[in-house]
Amino acid sequence: MAESKQAVTTSEGARVFLDPYMDWVKKQGVPVHLDFGHDLLALETGDWAHYEARGCFAHTHGRGDFCANYVLEISPAKKTKPVKHVHEAFFFVLAGFGSTTVWLPNGEKNTFEWGPKALFAIPLNCEYQIFNTSGRETARLSCTNDLPLALNHYHNEDFIFANPFKFPERIGEPSRFKGEGEHSAFDRLKGAGQINVWDTNFVPDLTSFKLYDLNTRGKGSRNVFFQLADGTMHSHTSEIPVGRYKKAHRHAAGTHVHAVSGQGYSLLWYDGDSEFVELPWRHGIMYTPPFWMFHQHFNTCDEPARYLACSIGSARYPFISLRRVSNEGGGSTSVKQGGRQIEYEDQDPRIHRKFLEALKASGASSLMGDVFDEEAIMRIPAEDLTGVIQTPQLKGPAV
Ligand SMILES: [Fe+2]
């Protein structure tokens, strides 16, 4: 699907409005999907000479300027061509079993095995090759990367894909390819809670990885930040407990949210909207909340629901000021205090009503009677649940 753009009239011969990233994408000859979000398990792929495998681009309207996503598909018992690139790349395993070999700057190579719901990063400009070690199952991986940032900045494909420069400081201990790492934590400003960080290159299973309480995003929420391959890209995994949901918040574009386990839906809206955008999710669904659009995640199943978010700006290297404010706690602080979060008591009554109705349909039970008078919410006449979505009065400049 082509990107929709305004036609631009230019003087003859003027080299303007160039997008080297999209030029490279089109040259790959694989499907380019563009939507609000995607079912990455179902997207059509095509032969991709770059990897000697199959793939497609899973572009989203809210991906922003720095990051993008593609799906890499490797047939049973096949392997990719070795590649390297001067951009960061996180691979989330959607399906299948395999291994990845990474050639390190010191000449050694390191191979690690992965299965569904593993996450790994390729250290910057290390050559790597991905193997499907199953003789029967296709392997599908989601790659969130900052190639748009790198290629649009340098606009030289050889610099990105055939560059001999080495970055040994990105590797860390070899044990980081075995799933080991280092834990640290930092306190955020404004009482926004403590963030736990795990430094590694490889997380074997996001469904069982240890998470830490982060109640400021909603009671029972748990979270960990990953600092992968000492990168500028960020990722975190969060868990929504049974019978509950996260608080709404908003931030910069480009956070690629992947459902990992459980089922539910997300609501998204801008200030002044009268309707929510609703996006159901389960494993395979990936989407990016657009810039400054409020979004809120709801667990409607009978197990904790986890998701993986990948974006620009890590805990160590925030890179953009909006990300720095998120790391400092802006995303977990009420809009009434200058932050970006809507507290439960300030949210539109339609939100909890919809949650209760969704639970009725799924058979799960709400555990949020400690926050809401749920009987009163169900008694509100439907005609009173219309109009512009109520968002609290913002105090001071929103950050
Ligand atoms: Fe978010």
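Please treat every number below as a calculation from the coordinates, not as lab data. Keep in mind the model is a prediction, meaning the values are calculated, not measured. When we count neighbours, we look across all protein chains shown, and the Cβ atoms used for this are built from the backbone with ideal geometry, even at glycine.
Taken about its Cα centre, the range 20-176 carries a charge dipole of roughly 320 debye when the Cβ of each Lys and Arg holds +1 and the Cβ of each Asp and Glu holds -1.
If you run the Gaussian network model on the chain, springs between alpha carbon atoms under 10 Å, then out of Ser175, Ser332, Ser314 the most flexible one is Ser175.
If R0 is taken as 35 Å, the Cβ-Cβ distance between Glu383 and Tyr344 corresponds to a FRET efficiency of 0.90. Using the Cβ-Cβ distance between His153 and Val16 with R0 set to 22 Å, the FRET efficiency from 1/(1 + (r/R0)^6) comes to roughly 0.80. Taking the number of Cβ atoms within 10 Å of each Cβ as an exposure proxy, the fewest-first ranking of Ile389, Ile312 is Ile389, Ile312. Dipole size of the range 283-362 about its Cα centre, with +1 on Lys/Arg Cβ and -1 on Asp/Glu Cβ: approximately 260 debye, rounded to the nearest 20. Mind checking which of His50, Asn163, Tyr212 is farthest towards the positive end of the chain's charge dipole, using Cβ charges of +1 (Lys, Arg) and -1 (Asp, Glu) about the Cα centre? About the Cα centre, the residue reaching furthest to the positive side is Asn163.
The range 328-399 and the range 262-324 have their alpha-carbon centroids 16 Å apart.
Extending 7 Å from Cα along the Cβ direction at Glu169 and again at Lys78 yields two label points whose distance is 3.9 nm. With 0.36 nm allotted per residue and the present C-alpha distance subtracted, the Phe291-Tyr270 stretch has 6.6 nm of extension available.
Structural descriptor for the range 177-342: relative contact order 24 percent, calculated from alpha carbon pairs under 8 angstrom and at least 6 residues apart.
The overall shape of the chain is prolate: from the C-alpha gyration tensor, with semi-axes ordered a ≥ b ≥ c, the ratio a/c is 1.5 or greater and a/b exceeds b/c. Taking each DSSP H run with n ≥ 4 as -39500 (n - 2.57) and averaging over every residue of the chain yields -3500 deg cm²/dmol at 222 nm. Checked against a 26 Å cut-off, the cross-linked pairs Lys84/Lys246; Lys109/Lys166; Lys78/Lys109; Lys210/Lys336; Lys178/Lys246; Lys27/Lys117 give Cα-Cα distances beyond that limit for Lys84/Lys246; Lys210/Lys336; Lys178/Lys246; Lys27/Lys117.
Take the Cβ atoms of Leu356 and Phe186, set R0 to 30 Å, and the FRET efficiency comes out at 0.25. Between Asp35 and Glu52, the simple label model (points 7 Å from Cα in the Cβ direction) yields a spacing of 3.2 nm. Farthest towards the positive end of the charge dipole of the range 257-349, among the residues Pro280, Gly338, Phe319, is the Cα of Phe319, using unit charges on the Cβ of Lys, Arg, Asp and Glu.
Computed on the range 1-135, with alpha-carbon pairs under 8 angstrom and 6+ residues apart, the relative contact order is 20 percent. Here's the picture: charge each Lys and Arg Cβ at +1 and each Asp and Glu Cβ at -1 in the chain, and of Met368, Val388, Asn196 the one pushed furthest to the positive end of that dipole is Asn196. Charge dipole (Cα centre; +1 on Lys/Arg Cβ, -1 on Asp/Glu Cβ; no other charges) of the chain amounts to roughly 480 debye. Scanning the chain for GluC sites (Glu not before Pro) that sit in a DSSP loop and have at most 12 other Cβ atoms within 10 Å, the longest stretch containing none of them is 109-274. Amide H contacts of Gly62 (H built 1.01 Å from N, in plane; Pro and chain starts excluded): Thr288 sit under 5 Å, all sequence-distant by 5 or more or on other chains.
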